[in-house]
Every structure is written in structure tokens, then in C-alpha cells.
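Okay, structure first, notes after.
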Amino acid sequence: MLELRDLVCRYGKVTAVKGISLKVERGQLVALIGTNGAGKTTTLKAVSGLLQPAGGSIVFDGVDITRASARKILSLGIAHCPEGRHVFPYMTVEENLEMGCYLRMDKQEIAGDFDRMFEQFPRLAERRQQQAGTLSGGEQQMLAIARALMSRPKLILFDEPSLGLAPNIVERTFDIITGIRDAGTTVLMVEQNALAALEMCDHAYLLESGALALSGSGRELVGNPHVRSAYLAG
């Protein structure tokens with residue numbers, strides 16, 4: 001479904017992603033792990049069109065999207081749930097969800113998706129007219145996920161979905177992401193909690209200093225001595 005070929009990304013003279021190649025097969029949950037500064041978030045930004053690659057290519061469903069705009073990429077079926085959630089704080093919960101489907105024209109199906117989101121996330125239903133900036137961190141994360149789902153994506157990019165959340169909310173968030181994969185939506189996820197990511201993913205890639213260091217199933221990387229000592233210790 002998604003293939004990165006020798007992807008290079010730069011911020012000015014600094015090369016953040018150094019020629020990585022990876023694949024995400026349809027229906028998979030794929031994890032990108034690594035330390036801060038490894039190039040994980042930059043990779044997601046390149047896929048969603050928020051950052052223009054300096055080299056290489058990105059192919060989604062057979063279409064080269066390397067130079068496509070973020071709007072075009074969203075219309076093709078890629079949604080991005082960013083680090084830090086980035087809800088629209090002065091808009092209501094309902095208005096945030098409307099922003100998730102602003103490219104869609106199927107009004108009746110949109111109404112049905114609103115009902116499904118409020119059924120799946122009952123706390124959002126209770127707060128549908130509340131400003132998003134007044135929600136708790138966990139509620140904002142649920143809103144960010146629901147907003148991404150409102151575009152009916154084929155692929156969702158999750159960037160650090162557990163960041164800043166209480167442990168019980170983290171578990172709930174990971175359950176939701178696994179459920180999204182199980183319902184048929186492909187997932188590419190960046191996550192600092194390497195053990196949790198490896199336990200839930202179908203395949204994983206380890207990035208180090210902008211380069212691809214290892215890849216394999218979650219079980220294979222959990223058993224790798226380097227991964228265990230550097231990322232799973234303690």
C-alpha cells in the first residue's frame with residue numbers, strides 16, 4: 001500500500017532522514033521506533049505532505065505522492081494524527097470533527113460517521129458543544145483520532161499517540177489503534193513506548209540517526225539483543 005524508496009528529508013543543511021526504504025502492506029499496523037531525533041516524525045510529515053522530501057520517492061496505492069500537496073494526499077486516503085494532538089482549541093468537539101471531513105461531499109454518510117464517532121467515543125458525545133481546548137489530554141487524543149477517522153482514510157499515521165497521557169488512557173488509546181487496524185484501516189505509527197509498539201504491531205522498523213537500522217516483526221525486534229539493551233531496558 002505504502003512504499004518509501006530511498007527517502008531523504010532535510011531541514012536546511014541538516015539531513016534528518018538519510019535514504020530510508022520501507023513498506024506498509026494493506027491491513028498492517030507498522031511501527032517506527034527509535035530515540036528522539038531519529039527521523040520518525042520527519043518520515044510521517046513527508047508521507048502526509050507536510051514536508052517536501054529532498055530525495056527518493058513515496059508511493060501510495062500505486063500513485064507517486066512524493067511532490068503531492070497535503071490536501072491531495074488526504075484526498076487519496078492518508079490521514080495524519082499528529083504528535084501533541086493539535087486539536088482546534090477554540091472550536092467545539094463537533095466543529096473539530098467537521099474539520100476532519102471537510103473534503104467529503106457525502107452528507108448523509110458524514111452524518112452516519114458522526115453517530116459512529118460519538119458511539120465509539122461517548123465522552124466526546126457528552127462534550128460535543130464544548131471547546132476542544134478545555135478537554136483533558138485523553139479526551140483531546142480521542143478527538144484527534146476521531147477527527148482523523150472522519151476522513152474515512154485508507155491509512156492513518158499516528159505520531160506518538162501515548163505522549164503525555166495517563167497510563168490507563170495510554171492502554172485505552174492503544175486498544176483503539178489496534179481496533180482501527182482490525183477494522184481494516186492500515187496504520188503507520190511512531191511511538192516512544194517501544195515495547196508497547198512492538199507488542200501490538202505486525203511489522204516494525206528501527207530508525208537510528210535518520211537511517212534504517214533494523215526491521216522485522218514485532219516479536220523479532222523484541223528478541224533482538226540491540227533493541228532489548230537500547231530500547232527495552234528497565
> Within the chain, what is the number of lysine pairs with alpha carbons under 24 Å apart, leaving out pairs fewer than eight places apart on the same chain?
Replying inline: 15
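Once the Cα gyration tensor of region 115-234 is diagonalised, what are the square roots of 5 times its eigenvalues, in whole Å and ordered largest first, as equivalent ellipsoid semi-axes?
30, 16, 12
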> So what is the relative contact order for the chain, in percent, with contacts set as C-alpha pairs under 8 Å and at least six apart?
Replying inline: 27
>> I'd like the antiparallel share, as a percent to the nearest 5, of DSSP beta bridges with both residues in region 2-231.
In response: 55
> Length gain on complete extension for the stretch Glu3 to Glu109, per 0.36 nm per residue less the alpha carbon to alpha carbon distance?
Replying inline: 35.1 nm
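No value in this document is a laboratory result; all are computed from the given coordinates. Everything numeric in this text was worked out from a predicted model, so none of it was measured.
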